């Protein structure tokens, strides 16, 4: 059952993380399909003691052409776009946070290892497993969207996310080595989560 926090008098802002930790987040996932294979799944939020955290996965994006390109030395770059809006009754929702960051996969043919750079974490992972490399490339785990202290428990929010394969020119000779019969670029739809805070 939802409770309007306006009935809690003089709620100090520094107590908001304590209250939020016990709040239930009601999520409504909206997807508009336009026949694209790549999709965002497991799109959800949670919270640590101090931050609102985002989790998501991109599925069905790897094609045989992309796999061949990776093993022929072409880096694959994902661009993730994350927006957070606060709802307003008489005006359009206001965007309060906006992010774009990248995941990059490269293959070291000498070491037979995949290197995945994840800009939101500022880290670089190395694995000999192609399946593990895809997993690291595809997932966002616990990205810190916003400090809880900056959220207003009396308001509702909408988070949206999408992913795309960043366009990058290939050397001309790769067109002769790899038969690209399907589109190289992809971009998922926007996926939305509606967050309604309640006790």
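The numbers here are math on the coordinates, done by the rules we state, and not lab data. Source: prediction; values computed, not measured. Backbone-built Cβ (ideal geometry, glycine too); neighbour counts: all protein chains shown.
What order, most packed first, do the peptides 105-111, 49-55, 133-139 have when packing is the mean number of other Cβ atoms within 10 Å of each residue?
Going from most to least packed, we get 133-139, 49-55, 105-111.
Could you sort 91-103, 150-162, 60-72 so that the peptide with the highest average Cβ count within 10 Å comes first and the rest follow in order? Walk me through the numbers on the way to the answer.
On the way: 91-103: 12.9, 150-162: 18.3, 60-72: 16.2.
Descending packing order for the listed peptides: 150-162, 60-72, 91-103.
Over the stretch 48-136, what relative contact order in percent results from Cα pairs under 8 Å that are six or more residues apart?
19
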